[in-house]
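Student: Next up is a structure, given as structure tokens.
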Amino acid sequence: MFIIKGIKLPKITGIAIWPFIIVKTKMPGKTIINHEKIHLRQQVEMLVIPFYIWYILEWAVRFIALRNFNAAYLSISFEKEAYKNEKDFNYLKNRGFWSFLKYL
């Protein structure tokens, strides 16, 4: 995992693109880093490329159902897991394999 800080990102604070975490600010909080670390774990579990395919397809299905870009994003199982657990800094130590499935 490599953290790249201080990158201009449109409308987002951070993004995880295996094996990088890219964040907008030079001093990111622990919560945003933990959120993105959860995404990196999800990506590894799914062998990276299938994660991105699933992510896009799930967003598309949610967008069709909800007709709202942000609501579709927030309802993606990967995001639900990351947002719910981003403040639990021990979460990744205890997280089960493919735990995002609980959020479908």
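Student: Using R₀ = 22 Å, calculate the FRET efficiency as 1/(1 + (r/R₀)^6) where r is the Cβ-Cβ separation of LEU57 and LYS84; round to 0.05.
Tutor: 0.55
Student: So how far apart, in nm, are the two label points at VAL48 and LEU66 if each is 7 Å from Cα heading toward Cβ?
Tutor: According to this spin-label approximation, the distance is 2.8 nm.
Student: Remind me, relative contact order of the chain in percent, using alpha carbon pairs under 8 angstrom and six or more residues apart?
Tutor: Across the chain, relative contact order equals 22 percent.
Student: Select from ILE38, ILE22, ILE12 the residue whose mean-square fluctuation is largest in a Gaussian network model of the chain (Cα-Cα springs shorter than 10 Å).
Tutor: Top of the fluctuation ranking is ILE12.
Student: For the chain, list the DSSP H helices whose alpha carbon atoms reach 24 Å or more along the long axis and whose average Kyte-Doolittle value is -0.5 or above?
Tutor: What comes out of the filter, once short or polar helices are dropped, is 49-66.
Student: Here's something else I'd like to know. Which whole-Hz couplings ³J(HN,Hα) result when phi for each residue of the stretch 88-101 is put into the Karplus expression 6.51 cos²θ - 1.76 cosθ + 1.60, θ = phi - 60°, listed in order with x for Gly and Pro?
Tutor: Values per residue, Gly and Pro as x: 9, 6, 9, 3, 5, 6, 10, 5, x, 5, 6, 5, 4, 4 Hz.
Student: Please give, to one decimal in nm, the separation of the simple spin-label points placed at THR25 and ILE3, each 7 Å out from Cα toward the Cβ.
Tutor: Result for the modelled spin labels: 1.2 nm.
Student: Only helical DSSP H runs with n ≥ 4 go in: add -39500 (n - 2.57) per run for the chain, normalise by residue count and round the 222 nm mean residue ellipticity to 500 deg cm²/dmol.
Tutor: Taking each H run of at least 4 residues, the total per residue is -15000 deg cm²/dmol.
Student: Please sort by residue number the trypsin sites (Lys or Arg not before Pro) in the stretch 1-76 whose DSSP state is loop and whose Cβ has at most 15 other Cβ atoms within 10 Å.
Tutor: Here the trypsin sites (Lys or Arg not before Pro) that fit, given the DSSP loop and packing criteria, are LYS5, LYS8, LYS11, LYS26, ARG67.
Student: Which of the lysines could a cross-linker bridge to LYS93, judged by Cα under 28 Å and excluding same-chain residues fewer than eight apart?
Tutor: Candidates past the 8-residue exclusion: LYS5, LYS24, LYS26, LYS30, LYS37, LYS80, LYS84, LYS102.
Student: Let me ask something else. Roughly how many whole Å is it from the C-alpha centroid of the stretch 31-92 to that of the stretch 11-29?
Tutor: Taking the Cα centre of the stretch 11-29 as reference, the centre of the stretch 31-92 is 14 Å away.
The numbers here are math on the coordinates, done by the rules we state, and not lab data. A quick note: this is a predicted structure, and the numbers were derived from the prediction, not measured. Heads up, the Cβs are rebuilt from the backbone with ideal geometry, glycines too, and the neighbour counts pull from every protein chain shown.
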